[in-house]
1. Multiply the residue separation of residue 27 and residue 197 by 0.36 nm, subtract the distance between their alpha-carbon atoms, and state the gained length in nm to one decimal.
2. Going by average Cβ density within 10 Å per residue, which order do the peptides 132-138, 268-274 take, highest to lowest?
3. How much length would be gained if the chain were fully extended between residue 158 and residue 242, taking 0.36 nm per residue of separation minus their Cα-Cα distance, in nm to one decimal?
4. Could the peptides 90-102, 18-30, 107-119 be put in order, highest first, of the mean number of other beta-carbon atoms found within 10 Å of their residues?
5. Quick one: compute the contact order of the range 148-221, relative version, from alpha carbon pairs under 8 angstrom and 6+ residues apart, as a percent.
6. For a protection proxy built on the mean count of beta-carbon atoms within 10 angstrom, sort 213-223, 179-189, 67-77 highest first, please.
7. May I ask you to derive the FRET efficiency for residue 270 and residue 168 from their Cβ-Cβ distance with R0 = 45 Å, giving the value to the nearest 0.05?
8. Classify the range 50-134 as rounded, prolate or oblate, taking a ≥ b ≥ c as the square roots of the eigenvalues of its Cα gyration tensor: rounded when a/c is under 1.5, otherwise prolate if a/b is larger than b/c and oblate if not.
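Only the coordinates and a few stated rules stand behind these numbers; no lab work does. Keep in mind that what you see is a predicted model, and the values were worked out from it rather than measured. In this analysis, Cβ positions are derived from the backbone assuming ideal geometry, glycine residues included, and neighbour counts consider all displayed protein chains.
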């Protein structure tokens, strides 16, 4: 793990041991002589990139055999920024920089997986008020923590790169100055919600669970119904195929579909017409538990790059692919 000492112009590394990072981990300085370094990020080669606010540049600390040596070499990457703050590196080694005083996010373009001596720099988003936190996911979508507007925005990539005018969607949440964002290895999004003094997780990898109150036979639990949401968070439409038999989604025995929600989720039978959930579209549906002791589940047939599952929220890792979550307003009745 690397961190900056903004005032003293250094970057330090917390060295992980065999059990990871602990209170006894060694801390060593790997770079000095920088001018107000702000945010470090590490690429696939172990090189460390950092925004240097004092001179409006991005610098690179070169790794040797995947690690930073004691006498590291620091080289210039790109300049012309006005108080650059957060940065992130995508899977192709493109660098995204929050150009704070210009209210923009800019991309330093890699060539064949590395930054060339005189890289091209393009503006990918504008209209920000100050610095924004940055992260990219496995599909190379750009996720932005926009503290000034209390938003988390996601700019959708196409075929692994951001187009000239990318589609933007907002991730819901009652944020108060969200200052930074990061992704876990399985694609869950973590937001530093500064004004609320909390860390918020958007769980895209794990299916949520539902818990109902104890219920007497012949009655409906007091906390029914419970709503979950159907979301296509990818960048292509998601088609629900027609089943050869049964239904899509399949409903466990003793369960029925309740269409009383604000909008219906797809529910197909043999001979029906396939339904499409547009990308960046949110829907809802309900399932009712009738005299059954277990909560219901809805499984969609698996498609390439997808996972079926009980009320599952999933973003595929393949580029240019739809994501989905099976959904329902679920009611328990004993």
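1. 58.5 nm
2. So the order, starting with the most tightly packed, is 132-138, 268-274.
3. Extending this stretch completely gives an extra 27.5 nm.
4. Highest to lowest by the protection proxy: 90-102, 107-119, 18-30.
5. Computed over the range 148-221, the figure is 20 percent.
6. Values: 213-223: 11.5, 179-189: 17.0, 67-77: 13.7.
Output ranking for 213-223, 179-189, 67-77: 179-189, 67-77, 213-223.
7. Efficiency at R0 = 45 Å is approximately 0.70.
8. prolate
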